[in-house]
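In what follows, a structure is listed as structure tokens, so that the remarks can point back to it.
The values are calculated or read from the model by the stated rules, or taken from the named source; none is laboratory data. The model shown is predicted, which means the values in this text are computed figures rather than measured ones. So basically every Cβ, Gly included, is an ideal-geometry build from the backbone, and we count neighbours across all protein chains shown.
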Amino acid sequence: MKAYKILFLITFLSILNGCKKEKTVGLITEKAMVVSAREEASKIGSAILQKGGNAYDAMVATHFALAVVYPVAGNIAGGGFMVYRNNDGTKGALDFREKAPITAHKDMYLDSLGNVIENKSVLGAFAVGIPGSVAGVFEVHKKFGTLPIKDLIQPAIDLARKGIVVTENQADDLNNATERFKKVNNYKTVFENNWKAGDILKQEELAQTLERIRDFGKDGFYKGETADLLVNYVAELGGIITHEDLEKYEAIWRKPIEFSYKDYNITSMTLPASGGICLAQILKSVEPFDLSDIEHNSTKYIQLLTEASRRSYADRAHYLGDIDFVNVPIDSLTDENYINNRMKSFSWDKATPSSEVSQGKILGYESDETTHYSIVDQFGNAVSVTTTLNTGYGSKVVVKGAGFILNNEMDDFSSKPGVPNVYGLVGSEANSIASEKRMLSSMTPTIVEKDGKLKMVVGTPGGSTIITSVLQNILNVVEFDMGMQESVNQPRFHHQWLPDVIRMEPNGFDEVSKNKLESLGYEILERNSLIIGRVDAILVLPNGKLEAGADKRGDDAAVGF
Ligand code: DON
């Protein structure tokens, strides 16, 4: 990260810290809103709503637009999760997470001595999971869409062909990735240039791929010319994705995780996303404590959330994996008695070292650059979608002749028990690699209700920090009475069991609290370049209007009416 960018970040977070007590208000609209990582994508989604489309139509349009305007994470060859709430109160979830290729196996990233081969699951064609995004948006449209899908894809095609205006953040991201694009690909990709803010990035090959999807539907991606280009290029680069892998991919409707926190009803994503289970565990651990006399982001607050997170992430590492492959005791893990027992070792007097915490004992088995967008439509339907290529620009493989980037989601599996992935997360057998299995995710698209009515739509990127960022934004609103933008602006912290450190955004926390935490045995990691999450959320205000929280840590923007 360049020095001026670090300086900007420090200034931004210092200003936020200085203004902590002031109410910053986000965009307020009467009826409908899209909040996403780029204004262009939010505008396209909002325009669909204005034409009479619903939140699901807007989701399709926003998703394809982000694949063009935000290629670091927006995608057609990644995957993700959606949680929805219709205006009649019905809720559900869609899993369009990537899968391991058919020929994938447990030890595929290990050398002959059984050690993990550095970068093999992160960079290049061997790191790619079978993409789920296109299947996901078509599945959503089939079930809930009202406008012709061609009209929802066309704005993205036009944007790819006309070109997008590169922002300063984007120029940095692209330039930082140039060497890796060069290393991985055997031709000069459209993303390699010496980018400056204001440059135009045109993606003609991507426009043509999107046209095939527009004209042939899901088959325009998983079959025919696009599939041929993908399979052949991956093979050229030493990957293992076949036509059969692509043809077999299906998005899956799942029952979301639903639980109460005080007067609120929370609905979040289930496995293979760990977000809902961990969010339930952490909020249930915090619920018995009276937060009214604990100051926001004070030593005590950070202690409580850290200890609850430590215990939950220890469970995550041991128990959680793809529910279609492993038996995960979801009910036991989210049971109040189990959670209260886990918190019994918590003391205000000193940190519980992670070495003393492992997974809890459950009664028995009953039968883990991403982007997030939140949408509320004029009919009262809400969708919360988190989608990713995993790390920025995924595997850096840009399909020759097709112009889109492939994910490196295979790194979200546990390549070897106890060996951390790029987010420092460790895993066990439950998240080991197997043919066609889905890798564990931390994504946490979430919807909050109060008194049976929609209250909040929230989610974020940030790898392992996704869960704790969503957690802190829910608590900011429900416990500390913040507005949506005010909440999103707050400095954030994170603990994930291992490594046993509290990560903090720079200059967001006062010295007294930090010193006190250190004296209690907590290790603090505060690096200048570290930002935690980019939360894009919508809050329904008491008067029924909508307030956006669009994260200023990125180029995120809300558009609505
Ligand atoms: O699914 C997961 O948990 C990760 N692949 C998410 C990656 C991510 O959020 C990167 N963004 N900053």
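Here are some notes:
- Answer from 221, 216 - the residue that is buried (at least 19 other Cβ atoms within 10 Å of the Cβ) and away from the ligand (no atom under 16 Å from the Cβ): 221
- Scanning the range 266-314 for residues that are away from the ligand (no atom under 16 Å from the Cβ) and either hydroxyl-bearing (Ser, Thr, Tyr) or within 18 Å of residue 439 (Cβ to Cβ) (or both) turns up 267, 285, 292, 298, 299, 301, 306.
- Here residue 503 clears all of (1) crowded, with 23+ Cβ neighbours inside 10 Å; (2) within 16 Å of the ligand (Cβ to nearest atom) except the condition numbered (1).
- Note on the range 141-182: residues that are outside any helix (DSSP H, G or I) and more than 21 Å from residue 552 (Cα to Cα) total 5.
- Filtering 384, 464 for residues that are under 14 Å from residue 275 (Cα atoms), touching a Phe, Trp or Tyr at 6+ places or on another chain (Cβ under 9 Å) and in a strand (DSSP E or B) leaves a single hit, 384.
- For residue 431: the one exception among (1) buried (at least 24 other Cβ atoms within 10 Å of the Cβ); (2) closer than 26 Å to residue 71 by Cα; (3) of a type outside the set (Gly, Ala, Ser): (2)
- The set of residues from the range 178-207 being among the hydrophobic types (A, V, I, L, M, F, W, C) and either modelled with pLDDT under 95 or closer than 22 Å to residue 61 by Cα (or both) comprises 200, 201, 206, 207.
- Candidate set: the range 257-267, residues that are within 20 Å of the chain's Cα centre (by Cα) and farther than 16 Å from residue 308 by Cβ; chosen: the one surrounded by the fewest Cβ atoms within 10 Å (Cβ to Cβ): 258
- Scoring residue 473 on the criteria (1) out of contact with any Phe, Trp or Tyr (no Cβ under 8 Å at 6 or more places or on another chain); (2) surrounded by fewer than 24 Cβ atoms within 10 Å (Cβ to Cβ); (3) outside any loop (DSSP other than H, G, I, E, B) leaves a single failure, condition (2).
- Any hit, the range 426-439, residues being within 16 Å of the ligand (Cβ to nearest atom) and of a type in the set (Ser, Thr, Tyr): no
- All told, residue 379 falls short of being out of contact with any Pro (no Cβ under 9 Å at 6 or more places or on another chain), within 14 Å of the ligand (Cβ to nearest atom) and aromatic (Phe, Trp, Tyr).
- Checking every residue in the range 348-367 against the condition of being at pLDDT 85 or above, crowded, with 17+ Cβ neighbours inside 10 Å, within 16 Å of the ligand (Cβ to nearest atom) and among the polar types (S, T, N, Q) gives zero matches.
- In the range 459-488, the qualifying residues are those that are more than 18 Å from the chain's Cα centre (by Cα), of a type outside the set (A, V, I, L, M) and farther than 12 Å from residue 296 by Cβ, and the one that is nearest to the ligand (Cβ to nearest atom) is 485.
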